[in-house]
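The values are calculated or read from the model by the stated rules, or taken from the named source; none is laboratory data. Note that the coordinates shown come from a computational prediction; the quantities given were computed from them, not determined experimentally. As a convention, Cβ positions derive from the backbone with ideal geometry for all residues, glycine included, and neighbour counts pool all protein chains shown. Calculation scope for accessible area: heavy atoms of the full protein, side chains included, ligands and nucleic acids excluded. Shrake-Rupley method; radii C 1.70, N 1.55, O 1.52, S 1.80 Å.
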Amino acid sequence: MNDTPLAERQARLQQRILAAVHAAGRRPEDVHLLAVSKHQPVDSLRALYTLGQRHFGENYVQEALAKQQELSDLSELVWHFIGPLQRNKTAWVAEHFSWVHSLDRLILAQRLSDQRGEDLPPLQVCLQVNISAEASKSGCSVAALPELAAAVAALPRLQLRGLMALPAPGDDDAFRRLAAAQAELVHCGHALDTLSMGMSDDLEAAIAAGANWVRIGSALFGPRKA
Ligand SMILES: *Cc1c(COP(=O)(O)O)cnc(C)c1O
């Protein structure tokens, strides 16, 4: 695979992120790029790592574990789980990821905490919020957040860092609402510092509303093959 286009896409994306950060009057160190590598070949991940990218997001446990084995020599690579979390896969996620952005139920949080190895640092988690209240989407409701956040924050092997969302297309106000929901939790005493929001098509709006992680797939790797 020719990695010149990848380097160019990465450079262009970093320019885009920086321009959005400046336009929002924010600090570059407060906005991080998560490379969403689902369905991308390991060679592309390796090439990006060589270009300096350290944080990668995967949606499917099986696919991620195979990639982790192939890339186990990349000692600074940090894996984030961002996909639908299934009960029978929590042990894998607890053992093989540093972050989970897609936590939306207490039963899953309890399992992750129970299954997180004692030799590992606490699993860093964001609660996924169904911010556009779509019937088909995962994520907890804004109304259910205070109770879920309190229960998750009490689990010993998880560290609650913030909120994540995938807004419905056209819901232009969603990022602001997610930021407001986070502010509400902070007001209630939670020490949160992470809003995971914004993808290839809407990262500027997400950064303007306070995003700390933008999760970028196609703008970085090009269109997905599958
Ligand atoms: C695929 C995916 C992304 C990246 O989407 P792009 O539009 O390709 O940037 C971000 N977040 C989640 C949860 C995803 O599944």
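The figures follow:
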{"item": "Cα-projected label distance for residue 26 with residue 114, points at 7 Å along beta-carbon direction, nm", "result": "3.7"}
{"item": "Electrostatic dipole magnitude of the chain [Cβ: Lys, Arg +1; Asp, Glu -1; Cα centre; debye, to 20]", "result": "180"}
{"item": "Contour excess over end-to-end distance, with Cα ends at residue 75 and residue 15 and 0.36 nm allotted per residue", "result": "18.9 nm"}
{"item": "Protein accessible area in the chain, 1.4 Å probe - carbon and sulfur %", "result": "52"}
{"item": "Cβ charges +1 (Lys, Arg) and -1 (Asp, Glu), total dipole of segment 1-43, debye", "result": "200"}
{"item": "Environment charge at residue 122 (Cβ cut-off 9 Å; Lys +1, Arg +1, Asp -1, Glu -1)", "result": "+2"}
{"item": "Of all DSSP beta bridges in segment 4-221, antiparallel share, percent nearest 5", "result": "0"}
{"item": "Protection proxy ranking of 180-189, 30-39 - average other beta-carbon atoms within 10 Å, highest first", "result": "30-39, 180-189"}
{"item": "Per-residue [θ]222 nm for the chain (sum of -39500 (n - 2.57) over DSSP H runs n ≥ 4, rounded to 500)", "result": "-11500 deg cm²/dmol"}
{"item": "Per residue accessible area of the chain, 1.4 Å probe, in Å²", "result": "47"}
